[in-house]
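These notes are about the structure you will find just below.
The values are calculated or read from the model by the stated rules, or taken from the named source; none is laboratory data. Quick caveat: nothing in here was measured; it's all calculated off a predicted structure. Cβ coordinates were reconstructed from backbone atoms using ideal geometry, including for glycine residues, and neighbour counts include every protein chain displayed. With ligands, DNA and RNA removed, areas are computed over all heavy atoms of the protein, side chains included. Shrake-Rupley method; radii C 1.70, N 1.55, O 1.52, S 1.80 Å.
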Amino acid sequence: MTKNIFFPIVLLIVCVLSATAQKTADVYVDKHGVMRWGNSREEVHGFGVNYTAPFAHGYRSAKALNIDLEKAIDDDVYHFARLGFDAFRVHVWDTEISDSVGNLIDNEHLRLFDYMVMKMKERGIKVLLTPIAFWGNGYPDQDEKTAGFSFKYGKDACLVNEDAIKAQENYLFQFLNHVNSYTKVAYKSDPDIIAFEISNEPHHKGTPAEVTTFINRMVKSMKKTGCKKPIFYNISHSIHLSKAYFNSNIKGGTFQWYPTGLGAQHELRGNFLPNVDQYTIPFAADPKFKVSAKVVYEFDAADIGRSYIYPAMARSFREAGIQWATHFAYDPTYMAYANTEYNTHYMNLVYAPQKALSLKLASEVFHNVSLYKSYGRYPDNATFDSFHVSYENDLAEMVTDKKFIYTNNTTTKPTKPEALESISGFGNSSIVTYEGKGAYFLDKVEQGVWRLEVMPDAIWVDNIFGRNNLKKEVAVINWRIWPIKISLPDLGNQFKVISLDGNFSDFENSENSFQVRPGVYLLVKNGVTTKVTGKNKLGNIRLDEFTAPKTSVEKTYVLHTPFTEIAENTDLKIKVSVITKEIPELVQLHINSANGNKLIEMSRIAAYDYEATIPSTEIQRGYVTYSIRVKQDGITQAFPSGSIGPISKWDTPDDKSYKIAVVSKTNSLYLFNAITDADEVSKEWRRGSNLLPGNEPNTALMTMKIPSLGNVDSENLNGQKVEDYSLRYNFSKKIKGRANEFEHLTKLIVKASLLNAKPFAIQVALVTKNGNAYGGLITVNDLAAKDYTLNISDLRPVKLVTLPRPYPSFLNYYFEGTTSNESLKLNDVETLQISVGPGIDTSHLKNEFSFGLENVRLE
């Protein structure tokens, strides 16, 4: 064939393929591995959530709580639209809708799923489905016995057993051919279902040829339906088999990201922007991977309750070439009060408003940041394009001419407030002043007319990430009335407030301010005539739509964590949050003093927050004890006990109080104490530890037994061995009462012991708020616990380990950010890093390294 003939033919083929894609409107993958819309050839940008209400625990909980699941789905999908999501993914619980040979069972789970897909479509939300989950349906309960092939064979056998493989082929064929009972369109043909991922996290252990054959059999069964959509496969597990994945007939690979591990059982503290600085894919240079589309099916910064992190994750995804990402997992609102579905995750617009706004911002990143765009390394990339993230302020924000989104109080001012069309926020800004604890949304409908939506207050009253159950309320909702001030040039100083859902009568505001309760409103500038009503639409939402659970505050909560210790002769400011339906009549601080009991009235600072100061004259060596008294509806309660009755009565059952140690400024400042802090130490999943009583009263040893260094990662057999084992503990809360006493501290002291007779080196490092680590080596050489000392002035920059270890496990072990020449400032330290590996001779890496850690302190 001549060159002159060849090129026209190639061009003709490309045109035919493009025309076919446009005609069917199916998403297709171009020669550069980029997903494009078939009807426009524009790049796909998809961002949203996983949501599991029709299945497993979500379904059972709805039944237990007598919830109308269709109404619950309606409400949550409205919130997805409100947050700007345009993507949905879920691993379908095949075990609940199939039998042992792969026949599809048309039951309530499948009907509800059909309904949910229909509701997503109505909101313009696109869908990526994973038909096979392999999971049982029990978590967090025991699995139920189901008819499905996954229950019969289990995940491992499903990948190799011939009968199980045939069942999957049959099931996939029937699943894609299933006609949605609401849309009357088969999944394979639904234009809003853009792609399929074969199965969830398969974890192959076979040979490359076996793996490729298995995948191709699954693809063939799906293509046999006539499906033209891209088919993806998980390639972030068992990545030593990556060639096997690329040699198969898939169009792209799927990934997940849990940069802070899973299952801490408590909220992680500290700056985790280093953990999400980069999503590094080891096989990124493989030519076959480069032409594959890239999807993130699940991600979350698990066990983090703050709002700064998601836009940074989205930035790293885009830098890695990811086009679609769905958070795992959005809590159905009916059970978000308890966070039982996946207690290591927490996401809901009503109950976690700042996190939800952060996810909204991450969606904006996905839709505005170019594919493969790099902004350098942290901390230089904390500001990128129109976005900014701040760990210290727990803030993520986006500022453009038309949009202003923020997750916390911000001093940032839009450059063109007169051009704004959309504001979403929490707290105070130059545009909105509001002390309530819910998210709010302002959207321009037309000139001089805006829609305001205000969510109720959400307050976390227990450990969100702990051991939860449906009878345990970890978060409450309150429909308080708060003043709000809106400063928008387009509205001016005087505008009419029209309730769209009947919460208020219409009224005129005064000087930009008015009282607002949760609901949705139309704000109309004085002098403007409008025909807009609540039935009008704004994008994919109707103006009068609003949904949120009613007030759940049925008792008084006082939220307060006392300092561990404070220096004598220092004023002590006590801050508490008092959660009641209405503003309490009185909040008092009751001090149990050697000079007699004293009462100090506490001042309300904002919303539910109160404070008072115990004068330095009361802060003397020993202990300061106090309680909080709250008067509501004529009844006085004491906290932390919750007892009822006036303090003057001799029989008031108040036998509890808050207690803070008062010490000399010359006392050691403890950064870690095993007996109180061991449970919050982050360490690699595959290693264990134990807590043993110490040789002295009220002491303990946190023991670590490390069989060797440089173990092989079972998910990355060809990966580089990391000859290190590290621990992490954030001590910011522990030292908060003495955080201003660093100027006289010169020594870092570690009390540790060997568990066997072989001495070895341990690196001890202090990590600052911006992720810089400074450390030095000690040699533990005694079976008895003793002190090992490092001079602060001798600490030097060392590598920061990304702990808790991220998943997938191929991600960077060390954070390699912007090189810092800053010297160590003790005022900036907040985290302790203990590492075994630095200073160990390579000939000793196979040794067992066993030690006990009693405490770490500054003197």
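Would you please state which residues of segment 760-800 a label at Leu845 would reach in this model, taking the label point 7 Å out along Cα→Cβ and a backbone N cut-off of under 19 Å?
Residues passing the 19 Å test: 760-763, 799-800.
Report the FRET efficiency, 1/(1 + (r/R0)^6), for Lys659 and Ala419, where r is their Cβ-Cβ distance and R0 is 51 Å, rounded to 0.05. Kindly include the intermediate steps, with their values, before the conclusion.
On the way: r = 54 Å, r/R0 = 1.07.
The value I calculate is 0.40.
Counting only DSSP beta bridges with both residues in the chain, what percent are antiparallel, rounded to the nearest 5? Each step should come with its number before you reach the end.
Numbers: 142 of 178 bridges.
That works out to approximately 80 percent antiparallel.
Projecting each Cα onto the charge dipole of the chain (Lys/Arg +1, Asp/Glu -1 at the beta carbon, about the Cα centre), which of Leu701, Leu559, Ile215 comes out farthest on the positive side?
Ile215
With charges only on Cβ, +1 for K and R and -1 for D and E, what is the dipole size of the chain about its Cα centre, in debye, rounded to 20?
Details: 95 positive and 97 negative charges, 321 e Å.
Value, rounded to 20: 1540 debye.
Tell me what the chain gives for mean residue ellipticity at 222 nm when only DSSP H runs of n ≥ 4 count, each as -39,500 (n - 2.57), the sum divided by the residue total, rounded to 500 deg cm²/dmol.
That comes out to -5000 deg cm²/dmol.
Each residue of segment 656-662 in order: what ³J(HN,Hα) in whole Hz does its phi give by Karplus 6.51 cos²θ - 1.76 cosθ + 1.60, θ = phi - 60°, with x for Gly and Pro?
Listing the rounded values in order: 10, 7, 7, 9, 10, 6, 10 Hz.
What distance in nm separates the two pseudo spin-label positions at Thr666 and Asp380, each 7 Å out from Cα along the beta-carbon direction?
For Thr666 paired with Asp380, the spin-label model returns 4.8 nm.
By per-residue mean of other Cβ atoms within 10 Å, what is the highest-first order of 113-121, 207-215?
Highest-to-lowest ranking by the protection proxy: 113-121, 207-215.
Report, by chain and number, residues whose modeled amide H sits under 5 Å from the one on Lys665, excluding near sequence neighbours (fewer than 5 apart, same chain).
Under 5 Å from the amide H of Lys665: Glu568.
List the aspartates and glutamates whose Cα lies under 15 Å from the Cα of Lys485, skipping any in the same chain that are fewer than 8 positions away.
Within the straight-line limit of under 15 Å, Lys485 reaches these aspartates and glutamates: Glu435, Glu453, Glu508, Glu511.
Go ahead and collect, in residue order, the members of segment 815-831 whose backbone nitrogen is under 11 Å from a label point 7 Å along the Cα-Cβ direction of Leu745.
Counting backbone N atoms under 11 Å from the label point, the list is 826-831.
Which value in nm describes the separation of the simple spin-label points at Tyr139 and Ser510, placed 7 Å from the Cα toward the beta carbon?
Simple spin-label model gives 5.5 nm for this pair.
Short version: ³J(HN,Hα) in whole Hz for each residue of segment 539-551, in order, from phi by Karplus 6.51 cos²θ - 1.76 cosθ + 1.60 (θ = phi - 60°), x for Gly and Pro, what are they?
Values per residue, Gly and Pro as x: x, 9, 10, 8, 4, 8, 6, 6, 8, 6, x, 6, 3 Hz.
Reachable lysines from Lys71, Cα under 20 Å, same-chain residues fewer than 8 places away excluded?
Lys63, Lys119, Lys121, Lys535, Lys550
Under a cut-off of 16 Å between alpha-carbon atoms, report the lysines in cross-link reach of Lys31, not counting same-chain residues fewer than 8 places apart.
Reachable lysines: Lys229, Lys251, Lys288, Lys290, Lys294.
Is there a quick way to get the dipole size of segment 495-652? I mean about its Cα centre, with the Cβ of Lys and Arg at +1 and of Asp and Glu at -1; what is the value in debye to the nearest 20?
500
Calculate the FRET efficiency for Asn247 and Arg542 from the Cβ-Cβ distance with a Förster distance of 56 Å, rounded to the nearest 0.05.
Details: r = 49 Å, r/R0 = 0.88.
So, using R0 = 56 Å, E works out to roughly 0.70.
I need the peptides 420-432, 292-304 ranked by packing, meaning the mean over residues of other C-beta atoms within 10 angstrom, with the highest value on top.
292-304, 420-432
Between segment 68-137 and segment 293-346, what is the separation of their alpha carbon centroids in Å?
Centre-to-centre (Cα) distance: 18 Å.
For a protection proxy built on the mean count of beta-carbon atoms within 10 angstrom, sort 311-322, 550-561 highest first, please.
Packing proxy ranking, top to bottom: 311-322, 550-561.
For Glu197, what residues show an amide H to amide H distance below 5 Å, using hydrogens built from the backbone and excluding near sequence neighbours?
Leu129, Thr130, Phe232
Say R0 is 35 Å: what FRET efficiency, to the nearest 0.05, do Gln447 and Lys581 get from their beta-carbon distance?
About 0.30, to the nearest 0.05.
When the dipole is taken about the Cα centre of segment 94-137, and only Lys, Arg (+1) and Asp, Glu (-1) are charged at their Cβ, what size is it in debye, to the nearest 20?
The calculation lands at about 380 debye.
Along the charge dipole of the chain, which of Val369, Phe384, Leu858 sits closest to the positive end, that is, farthest toward it, with unit charges on the beta carbon of Lys, Arg, Asp and Glu (+1, +1, -1, -1)?
The one lying farthest along the dipole's positive direction is Val369.
For segment 736-829: lysine pairs with Cα atoms under 25 Å, gap of 8 or more or different chains, count?
Lysine pairs meeting both conditions in segment 736-829 amount to 16.
Would you kindly find the accessible area of Arg269, with a 1.4 Å probe and non-protein molecules such as ligands, DNA and RNA excluded, rounding to the nearest 10 Å²?
Accessible surface of Arg269 is approximately 50 Å².
Calculate, for segment 36-156, the solvent-accessible area per residue in square angstrom, rolling a 1.4 angstrom probe over the heavy atoms of the protein chains.
Values: 4190 Å² over 121 residues.
Dividing the accessible area of segment 36-156 by its residue count gives 35 Å².
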